[in-house]
1. So if I take the centroid of the Cα atoms in the stretch 30-56 and the same for the stretch 78-141, what is the distance between those two points in Å?
2. Determine the calculated [θ] at 222 nm for the chain from helices alone, applying -39500 (n - 2.57) to every DSSP H run no shorter than 4 residues and normalising by the residue count; nearest 500 deg cm²/dmol.
3. Tell me, what ³J(HN,Hα) does each residue in the stretch 171-177 have, in order and in whole Hz, if you take phi through Karplus 6.51 cos²θ - 1.76 cosθ + 1.60 with θ = phi - 60° and put x for Gly and Pro?
4. Using Cα pairs under 8 angstrom and six or more residues apart, how large is the relative contact order of the chain, in percent?
5. Express the carbon and sulfur contribution to the solvent-accessible surface of the chain as a percent, rounded to the nearest whole number, probe 1.4 angstrom.
6. Can you work out the accessible area per residue across the chain, with the rest of the protein chains kept in place, probe 1.4 Å, in square angstrom?
7. If you average 1/r over all unlike Cα pairs in the chain and invert the result, what Kirkwood radius do you get in angstrom?
8. Just how large is the dipole of the stretch 107-192 about the Cα centre, in debye to the nearest 20, putting +1 at every Lys and Arg Cβ and -1 at every Asp and Glu Cβ?
Amino acid sequence: MNIIIFGPPGAGKGTQSKFIAKKYNLVQLSTGELLRKEIDNKTELGLKISTIINSGELVSDKIVSKLIEKFISNNTYKQRLIFDGYPRNIDQAVNLDKLLKDNNQNLDIVLKLSVSLETILRRILERKNQEKRKDDNEEIAIKRYKTYEKSTEPVLKYYQKSKLLNVVNGESSIMQISDEISGLIDSIKGWQ
Ligand code: AMP
């Protein structure tokens, strides 16, 4: 089972990915977390991308593609990935299709967490106190939301065409959202 989880910043992608990974023995592949790790470790790449991330823009497709390629081509993770934060634009979606195909894999389901801007801002400010992410402040959060609307929302149409897209109400409680997602995953034929 390969899953994509979409949603604006603060929608709960990370929380839900961790839940699905545990319940279905899958692997969470968060491009945001991988990028933040590079910044924390002060690698050459980390130094290059920190300004971009902290301005709410997207890092280049080439950089992120390299990160996910390592996972897709690793046999241990074959058909066991949850893409959390990738793809974020149409070119990345096309690239993902190609990488999966080249590695004899496919997508089983695309989940979109639907959340209002008001809820996003509230959650991001709450998260700032817990996780201390530099890009979690109101100004950058709005910028990240705009980037999502401009670059990422069009990707949903791409998956609507392939009938893989399922919209989940991201406004409900963490448990309710997890239950709804489990129901969708369990309903996939041939799975388990
Ligand atoms: P996230 O943790 O998913 O909210 O991502 C944090 C930040 O990392 C984003 O605002 C982007 O700057 C960067 N990022 C994460 N995933 C991608 C991606 N697929 N393409 C480009 N930039 C990304």
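1. The two parts, judged by their Cα centres, are 16 Å apart.
2. Values: 9 runs with 104 residues, N = 192.
Helix-only estimate at 222 nm: -16500 deg cm²/dmol.
3. Karplus values, whole Hz, x for Gly and Pro: 7, 6, 6, 3, 5, 4, 5.
4. Values: 254 pairs, mean separation 62.5, N = 192.
So the answer I get is 33 percent.
5. Working: 5290 of 10420 Å².
That share works out to 51 percent.
6. Working: 10420 Å² over 192 residues.
That works out to 54 Å² for each residue.
7. Values: mean 1/r = 0.0589 Å⁻¹.
Kirkwood radius, the chain: 17.0 Å.
8. Details: 16 positive and 14 negative charges, 79 e Å.
Taking the Cα centre of the stretch 107-192 as origin, the dipole is about 380 debye.
The values are calculated or read from the model by the stated rules, or taken from the named source; none is laboratory data. All figures in this text were calculated on a predicted structure; none of them were measured in a lab. Glycine gets a Cβ as well: all are built from the backbone with ideal geometry, and neighbour counts include every protein chain shown. For the accessible areas, the whole protein counts, side chains as well, though only heavy atoms, and no ligand, DNA or RNA atoms are used. Shrake-Rupley method; radii C 1.70, N 1.55, O 1.52, S 1.80 Å.
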